[in-house]
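Here is the structure we will look at.
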Amino acid sequence: MRRIKTSELIPGMITAEDVYTHNNQLILPKGLILNDRTITKLAYYSIFYVKVEDSAEETLVSTPVESSYAERLQKSPEFIKFRKDFEADVDNFKSVMNDVVDKGAPLDVDELMDHTLNILELGTTTDLFDILHNMREYDDATYAHCMNVALICNVFARWMRMSEEEIRLATMSGLLHDIGKTQIPDAIIKKPGKLTNDEYDIVKKHPQEGYRVLQNSSLDPAVLDAVLMHHERCDGTGYPYGLRGDKIGIYAKMVAIADVYDAMTSARIYRGPLCPFKAIALFESEGLQRYDVGLIMTFLENVVNTYLLNSVRLSNGLIGKIVFVHREKLSAPTVQTEHGFLDLSIHPDIVIEALI
């Protein structure tokens, strides 16, 4: 038996003990052979390490390259330009926030937003989501993650048909949501092993720390609420206050969805970014009740619809094209293959493995 970081898990490893959430909910049983989905589930519940069997190395399975879809995208001029602009904006964002946090400098919201919105010059939302999925390295830094969530919130707000001012507020909420993590000791944020209960309690204070850092700025109160409430959940299972439903601000609800989606589709050492359909399946099986129904359905439906007519590889080895999306099972569309139409909603044993 050995302890290993969640980010270093590889499909085929076997859990050596039951894995529980911090609320003592069983999420993975002892003796389970890990795969992409179960490893992502650990990240979804903020599990930082697990114990695996020593014999796991003998049972490792090779994970195929996600697909040439990602390789083609990463070589495109659009991707190369976006990555350059994105990295420059993250550096600027970090510099500005360091001055605010460490030196008490005033926060120039307009300048910060101008930098962020300048990199949103893509033709379609599909491009944005695909580029974000394929750009990250193994573990996202706080500032890069904040930038990702800001851009996702920007698109999300447009899907919600919000006004330009509301889109701006949603984007700013995503950009600033995790600033409180700068106030958490690195020894805790970057700890490779399991957090103690006391350490986890400290991590859970980052929404309040972010609110404290920003409360004297000129930010709209709705943005401050999003910073404070982005870990609240509609069913009352969130933190720091266990708020429910309409007690949670709309931008906080949007950031909560974008935050989790970004975390689930981040690249890992053992694979490229998780296929969007696997992330959506995890949302459907684990968390729809935690989120505002109108928001989560709008978000997931639009994410899925961006991949209509996209070629995919299925878990049974077949290649096909997505031709129809089922609203009641968004992660399982109908795929046209060389053998005919395959409705994944009635074939739960077959899933979309990759976009190609």
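The values are calculated or read from the model by the stated rules, or taken from the named source; none is laboratory data. Because the structure is a prediction, the values reported are computed rather than measured. In this analysis, Cβ positions are derived from the backbone assuming ideal geometry, glycine residues included, and neighbour counts consider all displayed protein chains. SASA here: full protein model, heavy atoms, side chains in, ligands and nucleic acids out. Shrake-Rupley method; radii C 1.70, N 1.55, O 1.52, S 1.80 Å.
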Any chance Glu199 is over 28 Å from Pro106 (Cβ atoms), modelled with pLDDT of 95 or more and not small (Gly, Ala, Ser): no
Residue within the stretch 312-323 that is in contact (Cβ under 8 Å) with a residue 24 or more places away in the chain and in contact with a Gly (Cβ under 8 Å, 6 or more places away or on another chain) present: yes
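Evaluate the following for Ser163: is it open to solvent by 20 Å² or more (accessible area, probe 1.4 Å) and modelled with pLDDT of 95 or more? If you could, list the steps in order and put the result at the bottom.
Values: open to solvent by 20 Å² or more (accessible area, probe 1.4 Å): yes; modelled with pLDDT of 95 or more: yes.
Judged against the criteria, Ser163 is a match.
Name the single residue that is farthest from the chain's Cα centre (by Cα) among those in the stretch 319-340 being under 17 Å from Lys278 (Cβ atoms) and among the aliphatic types (A, V, I, L, M). Quick ask: steps written out before the conclusion?
At the first step, the residues of the stretch 319-340 found to be under 17 Å from Lys278 (Cβ atoms) are 320, 322, 325-326, 329-333, 335.
From what's left, among the aliphatic types (A, V, I, L, M): 322, 325, 330, 332, 335.
Numbers: Ile322: 23, Val325: 22, Leu330: 17, Ala332: 20, Val335: 25 Å.
Across the stretch 319-340, the extreme among qualifying residues is Val335.
Looking at Arg158, is it part of a helix (DSSP H, G or I), under 30 Å from Glu78 (Cα atoms), of a type outside the set (A, V, I, L, M, F, W, C) and open to solvent by 30 Å² or more (accessible area, probe 1.4 Å)? Walk me through it before giving the result.
Working: part of a helix (DSSP H, G or I): yes; under 30 Å from Glu78 (Cα atoms): yes; of a type outside the set (A, V, I, L, M, F, W, C): yes; open to solvent by 30 Å² or more (accessible area, probe 1.4 Å): yes.
For Arg158, the condition - part of a helix (DSSP H, G or I), under 30 Å from Glu78 (Cα atoms), of a type outside the set (A, V, I, L, M, F, W, C) and open to solvent by 30 Å² or more (accessible area, probe 1.4 Å) - is met.
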Conditions (1) assigned to a helix (DSSP H, G or I); (2) in contact with a Ser or Thr (Cβ under 8 Å, 6 or more places away or on another chain); (3) at pLDDT 85 or above; number of the one not met by Val96: (2)
Residue within the stretch 321-334 that is assigned to a loop (DSSP other than H, G, I, E, B) and closer than 28 Å to Asp178 by Cβ present: no
Residue within the stretch 349-356 that is in a helix (DSSP H, G or I), open to solvent by 30 Å² or more (accessible area, probe 1.4 Å) and in contact (Cβ under 8 Å) with a residue 12 or more places away in the chain present: no
Qualifying positions in the stretch 26-64 - at pLDDT below 75 and over 15 Å from Leu282 (Cα atoms): Phe48, Ser55, Ala56, Glu57, Glu58, Thr59, Leu60, Val61, Ser62, Thr63, Pro64
Odd one out for Pro185, checked against (1) touching a residue at least 60 places away in the same chain (Cβ under 8 Å); (2) open to solvent by 30 Å² or more (accessible area, probe 1.4 Å): (1)
Residue match in the stretch 261-284 (condition: within 20 Å of the chain's Cα centre (by Cα) and farther than 27 Å from Glu8 by Cα): no
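Tally up the residues in the stretch 20-31 that are surrounded by 15 or more Cβ atoms within 10 Å (Cβ to Cβ) and without any contact (Cβ under 8 Å) to a residue 40 or more places away in the chain, please. Let's see the steps before the verdict.
Residues of the stretch 20-31 surrounded by 15 or more Cβ atoms within 10 Å (Cβ to Cβ): 22, 27-28.
In the following step, the residues that additionally are without any contact (Cβ under 8 Å) to a residue 40 or more places away in the chain were identified as 27-28.
Number satisfying all stated conditions: 2.
Looking only at the stretch 187-241, which residues are basic (Lys, Arg) and either over 27 Å from Thr6 (Cα atoms) or touching a helix residue (DSSP H, G or I) at 6+ places or on another chain (Cβ under 8 Å) (or both)? Before you say what the answer is, go through the steps one by one.
Taking the stretch 187-241 as the starting set, the residues that turn out to be basic (Lys, Arg) are 190-191, 194, 204-205, 212, 233.
Those that are basic (Lys, Arg) and either over 27 Å from Thr6 (Cα atoms) or touching a helix residue (DSSP H, G or I) at 6+ places or on another chain (Cβ under 8 Å) (or both): Lys191, Lys205, Arg212, Arg233.
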Members of the stretch 324-340 found to be farther than 26 Å from Glu286 by Cα and either surrounded by 13 or more Cβ atoms within 10 Å (Cβ to Cβ) or at pLDDT 95 or above (or both), listed by number: Gln336, Thr337
Residue tally, condition among the hydroxyl-bearing types (Ser, Thr, Tyr), in contact (Cβ under 8 Å) with a residue 40 or more places away in the chain and assigned to a helix (DSSP H, G or I), over the stretch 284-305: 1
